[in-house]
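Written below as structure tokens is the structure these notes are about.
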Amino acid sequence: MTTKQEPLNSGYGARTTAREVLGNRRLDGALAVVTGGYAGVGLETTRALAAAGATVVVPARTLDKARTALAGLERVELEHLDLSEPASIDAFAARFLASGRPVHMLVNNAGIMATPLVRDARGFESQLATNHLGHFQLTARLWPALRRAHGARVVSLSSRGHRRAAIDFEDPHFERRPYDKWVAYGQSKTANALFALALDARGEPHRIRAFSVHPGAIMTELVRWMSDEELHAIRSANAADFYKNTEQGAATSVWCATSPQLEGLGGVYCEDVDIAQAVPADFPEQRGVRPWAMDPDLAERLWTKSEEWTGVTLTA
């Protein structure tokens, strides 16, 4: 059963916050893993889930920074994880699986944007490697814990930046074509959406549903690689009300991870706390999801390549 890529008319909107999505609903007894859950939208996601009673495990690359950001939050556990290092992903997952605990919510939130050309140890372009392949490997390694939940959700942080680029299966790591940091970012965000589509198809028989999310335009540490000139140009091109704060930015992630409105649904791209509209490739507005980010055939092709690149498959 494939969920239609069309709005539910959820009753929420662009200015809804994560706390408003949860309302009085409690998450006691649930466990969430939130990558990058110590900064920006990820931190607010952690705060909202923990405040509702969930235990939140925050894997972080920079432990001292994360420890400071998470100080005083109850039911939050800090772990080390570097999404650009396959061995680090495996080590984190092994530690978690050894605890025997289930994962009810996996929020693949961490990411990088518009970086200079950097390659990981395998030679892969860093934005695709970190934003997509790191989370692909993490999700596959945590698969037994997701199944153990007997009802889990995986949330993949995509972006409206997906409209910049589809997956270039002929040269995904910019080995022959000129490197463009925004095309690379767009490709990685398309990958996040396709990942959720393919994962949902595999997870539905096990009551594991997956969603991709555009959190909104938010000025966080994600822009650290951008020059002052680029930031000024972006701000000048958009009205002040175009931007969200982190509480609003976390709302769609929290909605996808917890809302009863999405019971029995999955494999869709969401924005502004609703399922996004499917739009044509030449759609002039920034909202909506483009065809190359919701194509099941492309999702399967990317899944196969991701298994090949990482050497990782879903395990029983």
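The values are calculated or read from the model by the stated rules, or taken from the named source; none is laboratory data. Given the structure is predicted, the values throughout are model-derived calculations rather than measurements. FYI the Cβ positions are ideal-geometry reconstructions off the backbone, even for glycines, and counts take in every protein chain you see. We work out accessible area using only protein heavy atoms, side chains counted, and drop any ligands, DNA or RNA first. Shrake-Rupley method; radii C 1.70, N 1.55, O 1.52, S 1.80 Å.
Over segment 1-109, what is the relative contact order in whole percent, taking alpha-carbon pairs under 8 Å and six or more residues apart?
Numbers: 156 pairs, mean separation 28.7, N = 109.
It rounds to 26 percent for segment 1-109.
As an exercise, identify the trypsin sites (Lys or Arg not before Pro) in segment 31-133 lying in DSSP coil whose Cβ has no more than 15 other Cβ atoms within 10 Å.
Working: sites: Arg47, Arg61, Lys65, Arg67, Arg75, Arg95, Arg119, Arg122; in loops: Arg61, Arg75, Arg122.
Listed in order of number, the matching sites are Arg122.
Out of segment 174-220, which chymotrypsin sites (Phe, Trp or Tyr not before Pro) are coil in DSSP terms and have no more than 16 other C-beta atoms within 10 Å? Let's see the in-between values first.
Working: sites: Phe174, Tyr179, Trp182, Tyr185, Phe195, Phe211; in loops: Phe174, Tyr179.
Within segment 174-220, the qualifying chymotrypsin sites (Phe, Trp or Tyr not before Pro) (loop, at most 16 other Cβ atoms within 10 Å) are Tyr179.
Can you give the extra length, in nm with one decimal, that the chain gains between Gln277 and Arg26 once fully stretched, where that is 0.36 nm per residue apart less the Cα-Cα distance?
87.4 nm
Carbon and sulfur together cover what percent of the accessible area of the chain at a 1.4 Å probe radius? If you can, show how the numbers build up before the last one.
Working: 6730 of 13160 Å².
Ligands and nucleic acids excluded, carbon and sulfur give 51 percent.
Shape verdict for the chain, please, from the Cα gyration tensor: rounded (a/c under 1.5), prolate (a/b greater than b/c) or oblate. Write down the numbers at each step before the final one.
Numbers: a/c = 1.22, a/b = 1.11, b/c = 1.10.
Rounded, since a/c falls under 1.5.
Quick one: check the C-alpha center-to-center distance for segment 42-95 versus segment 284-305, whole angstrom.
29 Å
With both bridge residues required to lie in the chain, what share of the DSSP beta bridges run antiparallel, to the nearest 5%?
Values: 3 of 30 bridges.
Here the antiparallel bridges make up roughly 10 percent for the chain.
To the nearest µm²/s, what D does Stokes-Einstein give for segment 26-140 at 20 °C and 1.002 mPa s, using the Kirkwood radius over alpha carbon pairs as Rh?
Values: Rh = 14.4 Å.
So the translational diffusion coefficient is about 148 µm²/s.
Counting only residues 5 or more places away or on other chains, whose amide H sits under 5 Å from the amide H of Ala149 once H atoms are built in the peptide plane?
Val103
Please report the accessible area of Leu73 (heavy atoms, 1.4 Å probe, ligands and nucleic acids excluded) in Å², nearest 10.
Accessible area of Leu73: about 60 Å².
Roughly how many Å² is the accessible area per residue of the chain, as a whole number, for a 1.4 Å probe?
On the way: 13160 Å² over 316 residues.
On a per-residue basis, the chain sits at 42 Å².
Once you mark the GluC sites (Glu not before Pro) that are in a DSSP loop and have at most 12 other Cβ atoms within 10 Å, what is the longest gap between them in the chain?
Details: sites that count: Glu74, Glu170, Glu175, Glu263, Glu285.
Here the longest segment lacking exposed loop sites spans 75-169.
Per residue of segment 119-129, what does 6.51 cos²θ - 1.76 cosθ + 1.60 with θ = phi - 60° give for ³J(HN,Hα)? Whole Hz please, x for Gly and Pro, Karplus curve as stated.
For segment 119-129, the Karplus curve yields 10, 7, 4, 8, x, 7, 4, 5, 6, 5, 5 Hz.
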